[in-house]
Amino acid sequence: AQSVTQLDSQVPVFEEAPVELRCNYSSSVSVYLFWYVQYPNQGLQLLLKYLSGSTLVKGINGFEAEFNKSQTSFHLRKPSVHISDTAEYFCAVRGNTGGFKTIFGAGTRLFVKA
Amino acid sequence: DTAVSQTPKYLVTQMGNDKSIKCEQNLGHDTMYWYKQDSKKFLKIMFSYNNKELIINETVPNRFSPKSPDKAHLNLHINSLELGDSAVYFCASSLMAQQETQYFGPGTRLLVL
């Protein structure tokens, strides 16, 4: 079984500042890892994903994440945020063998202030 | 062109009623899902169908019954609605059950009074 912990429920940040949203996971098997974004009153949209290979993954809208197997983390980063990045961000994990269930974290609300 | 669509977008109803939410995807995907998102934004899988076959059935009350008439549609019927059913329900699809990326619909906001 897998689980996901997003360490911050809310992250306020000023526009053009860098941001890191933290995600830790636990799993007894190798995993696929994802970050999704949910803008207000919308469905989730994939930002990026780690399947295998390079541990640094680049996604849409200037976001990137680094898979750290030893620390079981998959933190999301952006060097300079915009007001339009204000949204809910979800980290998710799925085991790469067996069942097809994706487990989502509780979400981190990123609030970008002018 | 909408990839994953849900109807209705909003649903306000009384306790005890029966209601259905419809989902359609035009992506040619084999697998579809229903998720429930509560007021704290926590997202939990409810069901998944692959080529009209149920492959994930989480611990949800049996008042919830999914139906997949074909692989492009996955509907959710809820009997005897309760206050705790109030939530946003998201439909999603992926190319295959093993396919990693899921595409989400806009959500159906259900309010039970």
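Bear in mind that the values in this text are calculations on the coordinates, not laboratory data. Fair warning: this is a prediction, and the values are worked out from it, not measured in the lab. All Cβ positions, even for glycine, are placed from backbone atoms using ideal geometry, and neighbour counts span all protein chains on display.
Summary table below
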item	result
Span from the region B:3-69 Cα centroid across to the region A:41-75 one, whole angstrom	26
At most 13 other Cβ within 10 Å, DSSP loop - trypsin sites (Lys or Arg not before Pro), region B:15-49	B:Lys40
Relative exposure of A:Val13, A:Val93, judged by other C-beta atoms within 10 Å (fewest first)	A:Val13, A:Val93
Principal axes of region B:1-109: Cα extent on each, largest first, Å	36, 28, 26
Max mean-square fluctuation residue, GNM over chain A, Cα-Cα springs under 10 Å, options A:Leu21, A:Leu46, A:Leu76	A:Leu46
Footprinting exposure proxy for A:Thr108, A:Thr86 (fewest neighbouring C-beta atoms within 10 Å first)	A:Thr86, A:Thr108
Order of B:Phe90, B:Phe64 - criterion: other Cβ atoms within 10 Å of each residue's Cβ, fewest first	B:Phe64, B:Phe90
Neighbour cut-off at most 15 other Cβ (10 Å), DSSP loop, GluC sites (Glu not before Pro), region B:53-113	B:Glu58, B:Glu82
